[in-house]
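Heads up, the thing below is written out as structure tokens.
The numbers here are math on the coordinates, done by the rules we state, and not lab data. All of these numbers come straight from a predicted model, not from anything done at the bench. Cβ coordinates were reconstructed from backbone atoms using ideal geometry, including for glycine residues, and neighbour counts include every protein chain displayed.
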Amino acid sequence: MKKLFLSLLVSVICAQMLCAQDSKFVNATDPNIMVEGRQIVDGNKLRFIYPGTAFTIRFLGTQCSVWLKPSAGYFVKSVDGAAYQRFDTYNGSTDEFTEISLAQNLTKGEHSVKIMLVSEGIFCNPVIKGFAVDKDAKILKPVHKKLKIEFIGNSITCGYGVESNDPNDHYADSTGNFAKSFAGLTAKTLDAEATVVARSGIGVYRNFNDNPAGSEWPMPRVYENALISDSTVQWTFADSKPDVVVICLGTNDLSTKGYDKEKFTVAYIAFVKTVRKHYPAAKIVLCNSPMLHDEDGQVLNDVIMNTVTTMYRQNDSRVYRFDFQEQDDSLGYGADYHPSAKRHSENARYLSYFIQTSVLGKKK
């Protein structure tokens, strides 16, 4: 029995060595890997946390896998532009990195494989080491999209609870899915590269149910960082020049009582000016909140209109207002009464049309 165990162990080790010998490894920092979203270079690895952060490899070969930090959240993959398939990194591994197969037995020829983080990585701090392909595979240069969009937002942008059909459910990584959010769907509809700066609970001047006088880390402060969880590394805005910036903020500032309308107004206008400073040529779209109703919703609408007017008077006519419809029972709810998958799909359809026609001036 002991000899049999040793024999099996040797076979496993040899198989692993053969697998390593039969593959070519491509570091995450390789210039041929297309990265969408903010990240921090850590040696030959990349650290990232925002949902929507994506990595694409193009190659001539028949198989592809990715090396990710274990317990790094939920992802989706797409092979050759096919529909997204969800997978997770919770495989019980205690290794520094774990290999996850993305595609096997592909026909010989050119292929493209994309993975995207769809849960919020703020608590699990994902890291990607790179991709593995056939040992004789040829790595191809990335093909960039013509349109680039940056989404700045909160839980709605993240796709909070979209995988749940029960509004009584609470936050869970397993029920979030950026790919099904209005932002993820809009980027896909418009065939755009997306950068996402969003996390649940964040506001313009105060985060969810925080001090009415203001929060220590609202969006205007964390926006300057490469990652929320690492304030020591600032983001280099010159490296990302979006054509369109979509801002969906205000829900958390106004959703609980006691907020200071004047502080919110000042902070909102100042933040839009900050975005304009970083992106002088971008079109900026200011969205209301489908989750705010009555007086609170009207406050946000008034502030958005005030901001558009203020920017226009300062000779900036490239700031637009877009109104989501207030959500109701007709399309159901996700967790904690967040927009459902159907609601996100409807919102994405209208926003995509608005960007394409009113913002970019293209005929449908």
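Could you give the angle, 0 to 90 degrees to the nearest 10, between helix 341-354's Cα long axis and the longest principal axis of the Cα atoms of the chain?
It works out to around 70 degrees.
Among the lysines, select those whose C-alpha is under 19 Å from the C-alpha of residue 180, and discard any that sit fewer than 8 residues away in the same chain.
Those lysines meeting the cut-off are 77, 114, 148, 188, 342.
Any idea how far apart residue 301 and residue 108 come out in nm if each label point goes 7 Å out from Cα toward Cβ?
6.3 nm
Counting DSSP beta bridges in the chain, what percent are antiparallel, to the nearest 5?
On the way: 45 of 65 bridges.
Just about 70 percent of them are antiparallel.
So which aspartates and glutamates can residue 69 reach, going by Cα to Cα under 14 Å and dropping same-chain residues fewer than 8 places off?
Excluding near neighbours in sequence, the set is 42, 88, 95, 96, 99.
Taking the Cβ of residue 175 as the centre, find all other residues whose Cβ is under 12 Å away and add up their charges (Lys, Arg: +1; Asp, Glu: -1). Before the final figure, lay out each step's value.
Values: positive: 86, 180; negative: 120, 163, 166, 169, 173, 336.
Its environment carries a net charge of -4.
Quick one: net charge of residue 256's neighbours, Cβ under 15 Å, K/R +1, D/E -1?
Numbers: positive: 206, 257, 261, 263; negative: 210, 253, 260, 294, 295, 296, 336.
Charge balance in the 15 Å sphere: -3.
Please report the net charge: other residues with Cβ closer than 10 Å to the Cβ of residue 127, K and R +1, D and E -1. Please list the in-between numbers first.
On the way: positive: 45, 47, 69, 129; negative: 42, 96.
Its environment carries a net charge of +2.
So between residue 270 and residue 170, what do we pick up on full extension, going 0.36 nm a residue minus the alpha carbon distance? Could you put the intermediate results ahead of the total?
Working: separation 100, 0.36 × 100 = 36.00 nm, distance 3.25 nm.
Working it through step by step, the gained length comes to 32.8 nm.
If each of residue 85 and residue 314 carries a label point 7 Å out from its Cα toward its Cβ, how far apart are those two points in nm?
Going from the residue 85 label point to the residue 314 one covers 4.9 nm.
When ranked by the protection proxy of mean other Cβ atoms within 10 Å per residue, highest first, what sequence do the peptides 305-314, 198-207 form? Provide the component values of the computation, followed by the final result.
Details: 305-314: 14.4, 198-207: 24.7.
Ranked by mean Cβ neighbours within 10 Å, highest first: 198-207, 305-314.
Within the chain, what's the longest run with no GluC sites (Glu not before Pro) in a DSSP loop and at most 11 other beta-carbon atoms within 10 Å? Give the range, please.
On the way: sites that count: 96, 216.
Longest site-free region, per DSSP loop and neighbour criteria: 217-364.
Compute the Cα gyration tensor for segment 155-271, then decide on rounded, prolate or oblate, letting a ≥ b ≥ c be the square roots of its eigenvalues: rounded whenever a/c is under 1.5, prolate when a/b is larger than b/c in the other cases, and oblate in all that remain. Before the final figure, lay out the partial values.
Working: a/c = 1.70, a/b = 1.09, b/c = 1.57.
Oblate, because a/c is 1.5 or more while a/b does not exceed b/c.
Given axes a ≥ b ≥ c from the Cα gyration tensor, I'd like to know whether segment 24-140 is rounded (a/c under 1.5), prolate (a/b larger than b/c) or oblate.
Values: a/c = 1.58, a/b = 1.48, b/c = 1.07.
Prolate, since a/c reaches 1.5 and a/b exceeds b/c.
What is the packing order of peptides 49-57, 263-271, 317-325, 61-69, taking the mean over residues of other C-beta atoms within 10 Å and listing the highest first? Please report the intermediate quantities before stating the final value.
Numbers: 49-57: 25.9, 263-271: 18.7, 317-325: 17.0, 61-69: 21.7.
The peptides rank, most packed first, as 49-57, 61-69, 263-271, 317-325.
Taking a ≥ b ≥ c as the square roots of the eigenvalues of the Cα gyration tensor of segment 232-364, is the shape rounded (a/c under 1.5), prolate (a/b larger than b/c) or oblate?
On the way: a/c = 1.61, a/b = 1.22, b/c = 1.32.
The shape class here is oblate.
Can you work out the FRET efficiency for the pair residue 323 and residue 260, with r the C-beta to C-beta distance and R0 = 25 Å, to the nearest 0.05? Intermediate values should be presented prior to the final figure.
On the way: r = 24 Å, r/R0 = 0.95.
Rounded to the nearest 0.05, the efficiency is 0.55.
Using the number of other C-beta atoms within 10 angstrom as an exposure proxy, rank 34, 116 with the fewest first. Please report the intermediate quantities before stating the final value.
Values: 34 18, 116 24.
Final ranking by Cβ density, sparse to dense: 34, 116.
Amide H to amide H, which residues 5 or more places from residue 226 or on other chains are under 5 Å from it, using H placed in the peptide plane?
The answer is 233, 234, 235.
Excluding same-chain residues fewer than 8 positions from residue 146, which aspartates and glutamates have a Cα within less than 15 Å of its Cα?
Within the straight-line limit of under 15 Å, residue 146 reaches these aspartates and glutamates: 36, 191, 193, 243.
By DSSP, what percent of the beta bridges with both residues in segment 147-359 are antiparallel, rounded to the nearest 5?
Values: 3 of 23 bridges.
That works out to approximately 15 percent antiparallel.
Could you give the C-alpha radius of gyration of the chain expressed as a fraction of 2.2 N^0.38 Å, taking N as the number of residues it contains?
Details: Rg = 22.0 Å, N = 364, 2.2 N^0.38 = 20.7 Å.
Against the empirical 2.2 N^0.38 Å value, I get 1.06 for the chain.
Identify the trypsin sites (Lys or Arg not before Pro) of segment 87-195 meeting these criteria: DSSP loop state and at most 16 other C-beta atoms within 10 Å of the C-beta. Before the final figure, lay out the partial values.
On the way: sites: 108, 114, 129, 135, 138, 145, 146, 148, 180, 188; in loops: 108, 135, 145, 146.
Taking segment 87-195 and a limit of 16 other Cβ atoms within 10 Å, the loop trypsin sites (Lys or Arg not before Pro) found are 108, 135, 145, 146.
Could you calculate the FRET efficiency of residue 138 with residue 191 from 1/(1 + (r/R0)^6), where r is the beta carbon distance between them and R0 is 22 Å, rounded to 0.05?
Once the sixth-power term is evaluated, E becomes 0.30.
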